[in-house]
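**Student:** A single structure is presented below for examination.
The values are calculated or read from the model by the stated rules, or taken from the named source; none is laboratory data. Being a predicted model, the structure only gives us computed values, none of them experimental. All Cβ positions, glycine included, derive from the backbone under ideal geometry; neighbour counts span all protein chains shown.
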Amino acid sequence: MKRRFVSILVVTFNAEKYIEKTIKSCLDQTYQNLEVLVLDNASSDRTVEIIRRLSDSRITMFEGKENIGPYAGLNFLLEKAEGEYIAIQDHDDVWFPEKIGKQVDFLNKNPNYIGCGTKTFYFYENKKVLILNKRPFETNFVDHTSLMFRNKGLGYDENFLLADEYFEKKILKNVGKLACIQEPLNVHRIRRDGTNLSSNRFNFSLKNTKEFFSINGISLQSIFYLFDLVFGKFFPNKIIWLIRKYITQNKADWMSVEEFSNLYFPI
């Protein structure tokens, strides 16, 4: 079977603390027929210097003169991507070595699927705990940092605040089915300093709330999700963790950093 070429897209901004480990996790895949395209959104720290130092021919870096945001950045990289498959990686997350290979194998064998993701460990730095985020095999959304999809000229609609969710739940689903491989193959880092895009991207307004429900529908799960987006950062940490432990993540697998590192790799 033909070995598909994979384009890995990374948009960076002030990620000097994490970017080396992130890029290395992309390069150290068991599946090697790939390129890593990086757009730096005008970082003011050592991010660009660190990427240059990696000195791998599979890396192509573009240095932006201004910060155009993550989704405009991904659209820029999509225009440069030569791969038959596209994989999205956040600038502070890490992949297991088998991730790309298992996704390519799945998409090769299942032509009716437009894309796939994997189960994801959420690493909360401030608590030193990882929570395994489970999704069903048949789904309309996978964790963005786990997403791989066929390169069919699709792009992100930058008019939507939740552009990654709109892309998966509306744009991709209009083309084909989306699956979640039932193995944890990546780690999404929730930073101690609260600077994750996912922690700060939602501003409460009538327009944004309408947009949210148009993408996610109305259900108890979506209401809890909206609550977390809007009010999570204002509530005491203990209350948020009680909600996670007993409501939103009560069926998830929880693991300490030490347990994870012993089973997989140091983070």
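**Student:** Name every residue in the stretch 162-188 that is basic (K, R) and out of contact with any helix residue (DSSP H, G or I) (no Cβ under 9 Å at 6 or more places or on another chain), in order of residue number. Full working, then the answer.
**Tutor:** First, the residues of the stretch 162-188 that are basic (K, R): 169-170, 173, 177.
Of everything in the stretch 162-188, those that are basic (K, R) and out of contact with any helix residue (DSSP H, G or I) (no Cβ under 9 Å at 6 or more places or on another chain) turn out to be K173, K177.
**Student:** Quick test for you: out of D164, D253, D157, pick the one residue that is crowded, with 18+ Cβ neighbours inside 10 Å and modelled with pLDDT of 75 or more. Show your work before the answer.
**Tutor:** Numbers: D253 fails: crowded, with 18+ Cβ neighbours inside 10 Å; D157 fails: crowded, with 18+ Cβ neighbours inside 10 Å.
After applying the criteria, what remains is D164.
**Student:** Another question, if that's okay. Restricting to the stretch 124-166, name every residue that is within 23 Å of E259 (Cα to Cα) and outside any strand (DSSP E or B). Can you show your working first?
**Tutor:** So the first thing to find is which residues in the stretch 124-166 are within 23 Å of E259 (Cα to Cα), and the list is 124-135, 143, 145-146.
Scanning the stretch 124-166 gives E125, N126, K127, K128, K134, R135, D143, T145, S146.
**Student:** Related question: Looking only at residues in the stretch 83-118 that are touching a strand residue (DSSP E or B) at 6+ places or on another chain (Cβ under 7 Å) and assigned to a helix (DSSP H, G or I), which one is nearest to R189 (Cα to Cα)?
**Tutor:** K99
**Student:** Moving to a separate point now. State the number of residues belonging to the stretch 10-51 that are touching a residue at least 60 places away in the same chain (Cβ under 8 Å), charged (D, E, K, R) and over 21 Å from E66 (Cα atoms).
**Tutor:** Total satisfying the criteria: 2.
**Student:** Assess whether E98 counts as being loosely packed, with under 15 Cβ neighbours inside 10 Å and out of contact with any Pro (no Cβ under 7 Å at 6 or more places or on another chain).
**Tutor:** Numbers: loosely packed, with under 15 Cβ neighbours inside 10 Å: no; out of contact with any Pro (no Cβ under 7 Å at 6 or more places or on another chain): yes.
Considered against the rule, which asks whether it is loosely packed, with under 15 Cβ neighbours inside 10 Å and out of contact with any Pro (no Cβ under 7 Å at 6 or more places or on another chain), E98 comes out as no.
**Student:** A further question on this structure: Within the stretch 46-72, take every residue that is of a type in the set (S, T, N, Q) and within 21 Å of the chain's Cα centre (by Cα) and give me the one that is surrounded by the most Cβ atoms within 10 Å (Cβ to Cβ). Before the answer, list the steps.
**Tutor:** Applying the first criterion (of a type in the set (S, T, N, Q)) to the stretch 46-72 yields 47, 55, 57, 60, 67.
Narrowing further to those that are within 21 Å of the chain's Cα centre (by Cα): 47, 60, 67.
Working: T47: 25, T60: 15, N67: 16.
The residue in question is T47.
**Student:** Go through the stretch 52-80 and report how many residues are under 21 Å from E165 (Cβ atoms), in contact (Cβ under 8 Å) with a residue 40 or more places away in the chain and in a loop (DSSP other than H, G, I, E, B). Don't jump to the end; show me each part of the working.
**Tutor:** In the first step, residues of the stretch 52-80 are kept if they are under 21 Å from E165 (Cβ atoms); the result is 68-78.
Narrowing the set further to residues that are in contact (Cβ under 8 Å) with a residue 40 or more places away in the chain leaves 69-75, 77-78.
Then keep just the ones that are in a loop (DSSP other than H, G, I, E, B); that gives 69.
Matching residues across the stretch 52-80 total 1.
**Student:** I've got another one for you. Please work out if F121 is buried (at least 16 other Cβ atoms within 10 Å of the Cβ) and closer than 30 Å to S261 by Cβ. So that I can check it myself, show each step before the final result.
**Tutor:** On the way: buried (at least 16 other Cβ atoms within 10 Å of the Cβ): yes; closer than 30 Å to S261 by Cβ: yes.
Answer is yes for this residue.
Residue-wise test of (1) aliphatic (A, V, I, L, M); (2) modelled with pLDDT under 70.
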| site | (1), (2) |
| --- | --- |
| C180 | no, no |
| P184 | no, no |
| H188 | no, no |
| N200 | no, yes |
| F204 | no, yes |
| K210 | no, no |
| L220 | yes, yes |
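**Student:** Output the number of the condition that K24 fails; it satisfies all remaining conditions of (1) outside any helix (DSSP H, G or I); (2) surrounded by fewer than 15 Cβ atoms within 10 Å (Cβ to Cβ); (3) within 17 Å of the chain's Cα centre (by Cα).
**Tutor:** Condition not satisfied by K24: (1).
**Student:** Looking at S43, is it surrounded by 14 or more Cβ atoms within 10 Å (Cβ to Cβ), among the polar types (S, T, N, Q), out of contact with any Cys (no Cβ under 9 Å at 6 or more places or on another chain) and in a helix (DSSP H, G or I)? Show your work before the answer.
**Tutor:** Working: surrounded by 14 or more Cβ atoms within 10 Å (Cβ to Cβ): yes; among the polar types (S, T, N, Q): yes; out of contact with any Cys (no Cβ under 9 Å at 6 or more places or on another chain): yes; in a helix (DSSP H, G or I): no.
In short, no.
**Student:** Please indicate, with yes or no, whether at least one residue in the stretch 4-15 is in a loop (DSSP other than H, G, I, E, B) and over 18 Å from the mean Cα position of the chain (by Cα).
**Tutor:** Initial filter on the stretch 4-15 (in a loop (DSSP other than H, G, I, E, B)): 4-5, 13-15.
Retained after the next criterion (residues that are over 18 Å from the mean Cα position of the chain (by Cα)): 4-5.
Yes, the stretch 4-15 contains a residue that is in a loop (DSSP other than H, G, I, E, B) and over 18 Å from the mean Cα position of the chain (by Cα).
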